[in-house]
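The values are calculated or read from the model by the stated rules, or taken from the named source; none is laboratory data. Bear in mind that the values here come from a model prediction, so they are computed numbers and not experimental data. Please note: Cβ atoms are built from the backbone with ideal geometry, for glycine as well, and neighbour counts cover all protein chains shown. Just so you know, the surface numbers come from the protein's heavy atoms only, side chains and all, with ligands and any DNA or RNA stripped out. Shrake-Rupley method; radii C 1.70, N 1.55, O 1.52, S 1.80 Å.
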Amino acid sequence: YIGACYVATCLTNSSMTPDMLKLPDCEIPRLLLKTRQDGCSLSEDFQEEFAYLSVELIEHLAKNHRTRLIGLDTPSVDDFHSKTMPCHLSLYQNNVRNLAGLELGQVSDGWYTLIALPLKIEKADASPVRAVLLPSTNWSR
């Protein structure tokens, strides 16, 4: 999970749709979505209501922006109360990876270099990462 990354703000506490985002009209291989308007940390009191992706948004990003990684500053890409996990399934079907629980409170919208290295854990379907954003270095996207 290393390379060009775009950060966009989408202040909401519900499902995100394509029309809610202002994105550049180009390939966005990695997209981080900043949704927490108060900048509070996930380590504070857990809230069941938080922003999450929509299948429509995932499909739009994969098709129109060739996005292959989406990150959020929330605990999950799906609604907290979801039993069927449609966004996790859509990410898998569209070959898009996801990062959740990012700290984006001090990050401005724009291009960066993302470095997020997962741990190699046998038989695991997820891993913690240390995600780092560096100022953009004129990536050829």
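In the chain, once you exclude exposed chymotrypsin sites (Phe, Trp or Tyr not before Pro) (DSSP loop, at most 13 other Cβ within 10 angstrom), what's the longest stretch remaining?
Numbers: sites that count: 46, 80, 139.
Of all site-free stretches, the longest is 81-138.
Where the accessible area of segment 1-92 is counted over protein heavy atoms with a 1.4 Å probe, how much of it, in %, is carbon and sulfur? Present the calculation step by step, with values, prior to reporting the outcome.
Numbers: 2300 of 4770 Å².
The nonpolar share, carbon plus sulfur, comes to 48 percent.
Taking every DSSP beta bridge with both residues inside the chain, roughly what % is antiparallel (nearest 5)? Before the final figure, lay out each step's value.
Working: 13 of 25 bridges.
Once the DSSP bridges in the chain are tallied, antiparallel ones form about 50 percent.
Packing-wise, with mean Cβ within 10 Å as the measure, how do 15-23, 70-78 rank, highest first? Show your work: numbers first, answer last.
Details: 15-23: 15.1, 70-78: 22.7.
Order by mean packing, descending: 70-78, 15-23.
Decide, for the chain, between rounded, prolate and oblate: order the square roots of the alpha carbon gyration tensor eigenvalues as a ≥ b ≥ c, take rounded if a/c falls under 1.5, and otherwise choose prolate if a/b is larger than b/c, else oblate.
Numbers: a/c = 1.17, a/b = 1.16, b/c = 1.01.
Rounded shape, in that the Cα axes give a/c under 1.5.
Given the DSSP H assignment, sum -39500 (n - 2.57) over each helix run of at least 4 residues in the chain and divide by its residue total; what's the result at 222 nm in deg cm²/dmol, nearest 500? Don't skip to the answer; put the middle values down first.
Values: 2 runs with 18 residues, N = 141.
Here the helix-only value at 222 nm equals -3500 deg cm²/dmol.
With every protein chain present, what is the per residue accessible area of the chain (1.4 Å probe, Å²)?
Accessible area per residue: 60 Å².
Would you mind calculating the relative contact order of the chain from Cα pairs under 8 angstrom and at least 6 residues apart, reporting the percent as a whole number?
Numbers: 275 pairs, mean separation 41.4, N = 141.
Across the chain, relative contact order equals 29 percent.
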